[in-house]
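In what follows, a structure is listed as structure tokens, so that the remarks can point back to it.
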Amino acid sequence: MKKNYKTGTNCIQAGYEPKDGEPRVAPIVQSTTYVYSDPERMTRLFDLAEEGFFYNRIADPTSDVLEKKMAVLDGGKAAIAVSSGQAASAMTVLNVCGAGDNFISTSQIYGGTYNLFDKTLRRLGIECRFADVGATGAEIEKLIDKNTKLIFAETIANPALSVPDFEKFAKISKKHGVLFAVDNTLATPALCRPLDHGANLVVYSTTKYVQGHASTIGGLIVDGGNFNFAGNPRYADFNEPDESYHGVVYAALPVPYVTKARVQVQRDFGFTPAPMTSFLTNAGLETLALRMKKHSDNALAAAQFLKNHKNVAYVSYPALEGDQNKPLAGKYLPFGAGGVLTFSVKGGFEAAKVFIKKLSLIKNVTHVADIRSCVLHPASTTHRQLSESSLAECGIKADTIRLSVGCEDIEDIINDLENALCR
Ligand SMILES: *Cc1c(COP(=O)(O)O)cnc(C)c1O
């Protein structure tokens, strides 16, 4: 029977098919290494001529289930799980960029990614060229030269909440033969599949909605397998033999990007997830489709409530009628815009602090995109290392409150907001 299941089914079942007598739930395999009686077979594994596990830094059976499931959910060819969202973003760049190379990113991205791109990778000689998410195609094309290796954007930027015009970025990526990677953390494959809109790679902090329950840090990259590396002069690394991996030519393999990420970047940098991480991530992922529907419904109701409240100065939520991101959200997020919204209370930062202290059900935490409702004041916490101009570039104001609407009953969420807003 052809297995062309829908997203909700794949969240629960994809990636693992037990045989008779095997566990119904994909188990944690808590072993670093694997036994082979035939040394020649082990050589074939190292040659990538045969599939199999040999050492967990590179691949392990527990993560393999999660990787296969996420590849199915995003419509990709393969995936690699890593130890955090930051590791995923770093690997995305390090797999294609060395000193002297550059890449383009929208400036509306997660603060940790901004820091990595703007400061830490720059120290390694890799230059990130930022473009406003709303920049014209011509403005973005001006940033491309022969050493440009990647275009990077976020589906729903955390916390700017901007939605990129996928078509615009995909067109540039195709025209110049440059990889297009999308951080899909806040949308997840339940709400948006970037590969369907011309992306080549999908990047995740699985810490957020994918795992969903604020128990586990993790990251992952899905490879669309839809980018032609062969003969592309931008990617000499993929077309010349890798001396560090006994002469393999990645462009000649079925999924070049993720294979190189695994046998070279993961082997050398060790951004490896623990089997327990992948087990917990996969368990949380089972309910992703259910949760994203509830998060989206609850957040829209909370946004509407806030918009009509006399003590609220502004609300931003991509699915809210009249929101500046609504046209692109309508196009790329037809099933909902997830649980994250931003707003400010009248009276600025001081009033925001009073509001946060008065909340009871909704907790003030660093985390976002959790099944439990939570808030954060980005300018004084996650984004406090950024200058005022960098804050503005990331789409954050001094009084912005980020509200991550959970899956609790909406009446209880709104009561808590109402109580904290009353003066
Ligand atoms: C949290 C987050 C990251 C970083 O992920 P960690 O798992 O915390 O390392 C990257 N991108 C986005 C959009 C995020 O929200």
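The values are calculated or read from the model by the stated rules, or taken from the named source; none is laboratory data. All of these numbers come straight from a predicted model, not from anything done at the bench. Every residue, glycine as well, gets a Cβ built from its backbone with ideal geometry; the counts of neighbours run over all protein chains shown.
Can you name every residue in segment 164-201 that is away from the ligand (no atom under 14 Å from the Cβ), crowded, with 19+ Cβ neighbours inside 10 Å and closer than 24 Å to ARG291 by Cα?
PRO189, ALA190, ARG193, LEU195
Output the residues belonging to segment 53-91 that are assigned to a helix (DSSP H, G or I) and either β-branched (Val, Ile, Thr) or over 28 Å from ILE126 (Cβ atoms) (or both).
First pass over segment 53-91, keeping only residues assigned to a helix (DSSP H, G or I): 61-74, 85-91.
Scanning segment 53-91 gives PRO61, THR62, ASP64, VAL65, LEU66, LYS68, LYS69, VAL72, LEU73.
In segment 108-144, which residue that is of a type in the set (Ser, Thr, Tyr) and modelled with pLDDT of 95 or more is surrounded by the most Cβ atoms within 10 Å (Cβ to Cβ)?
Keep residues of segment 108-144 that are of a type in the set (Ser, Thr, Tyr), which gives 110, 113-114, 120, 136.
Checking which are modelled with pLDDT of 95 or more leaves us with 113, 120, 136.
Working: THR113: 27, THR120: 12, THR136: 11.
Result: THR113.
Residues of segment 54-71 being touching a Leu at 6+ places or on another chain (Cβ under 6 Å) and surrounded by fewer than 24 Cβ atoms within 10 Å (Cβ to Cβ), which ones?
Across segment 54-71, the qualifying residue is only PHE54.
Which ones in segment 229-286 are in contact with a Cys (Cβ under 7 Å, 6 or more places away or on another chain) and surrounded by fewer than 18 Cβ atoms within 10 Å (Cβ to Cβ)?
Listed by number, the list holds a single entry, GLU286.
So ALA274 clears everything in (1) within 16 Å of the ligand (Cβ to nearest atom); (2) over 21 Å from the mean Cα position of the chain (by Cα) except one condition, right? Which one?
Among (1) within 16 Å of the ligand (Cβ to nearest atom); (2) over 21 Å from the mean Cα position of the chain (by Cα), the lone unmet condition for ALA274 is (2).
Among (1) within 16 Å of the ligand (Cβ to nearest atom); (2) among the small types (Gly, Ala, Ser); (3) more than 22 Å from MET276 (Cβ to Cβ); (4) part of a helix (DSSP H, G or I), which single condition is ALA138 missing?
Every listed condition holds for ALA138 apart from (1).
Conditions tested, residue by residue: (1) in contact (Cβ under 8 Å) with a residue 12 or more places away in the chain; (2) within 16 Å of the ligand (Cβ to nearest atom); (3) over 14 Å from the mean Cα position of the chain (by Cα).
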position	(1), (2), (3)
ALA59	yes, no, yes
ALA79	yes, yes, no
SER84	yes, yes, no
GLY112	yes, yes, no
CYS128	yes, yes, yes
GLY134	yes, no, yes
ILE156	yes, yes, no
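Name the residue, out of LEU341, LEU300, LEU333, LEU359, that is buried (at least 17 other Cβ atoms within 10 Å of the Cβ) and without any contact (Cβ under 8 Å) to a residue 40 or more places away in the chain.
LEU300
Test VAL255 against the criterion of being modelled with pLDDT of 95 or more, among the aliphatic types (A, V, I, L, M) and either within 16 Å of the ligand (Cβ to nearest atom) or in contact with a Lys or Arg (Cβ under 8 Å, 6 or more places away or on another chain) (or both), and give yes or no.
yes
Check whether at least one residue in segment 92-100 is assigned to a helix (DSSP H, G or I), crowded, with 23+ Cβ neighbours inside 10 Å and either basic (Lys, Arg) or within 12 Å of the ligand (Cβ to nearest atom) (or both), and report yes or no.
yes
Within the bounds of segment 240-260, is there any residue that is closer than 24 Å to LEU45 by Cα and basic (Lys, Arg)? Can you show your working first?
Taking segment 240-260 and keeping what is closer than 24 Å to LEU45 by Cα, we get 240-260.
Subset that is basic (Lys, Arg): 260.
Yes: segment 240-260 contains one or more residues that are closer than 24 Å to LEU45 by Cα and basic (Lys, Arg).
Could you tell me which numbered condition LYS119 fails, if it satisfies all but one of (1) away from the ligand (no atom under 15 Å from the Cβ); (2) in contact (Cβ under 8 Å) with a residue 24 or more places away in the chain?
Status for LYS119: all satisfied but (2).
Is it the case that some residue within segment 207-217 is touching a residue at least 40 places away in the same chain (Cβ under 8 Å) and at positive phi? Explain how you work it out, then say what you get.
Quick first cut of segment 207-217, residues touching a residue at least 40 places away in the same chain (Cβ under 8 Å) only: 207-217.
Imposing the further condition that a residue be at positive phi reduces the set to 212, 214.
Within segment 207-217, one or more residues are touching a residue at least 40 places away in the same chain (Cβ under 8 Å) and at positive phi.
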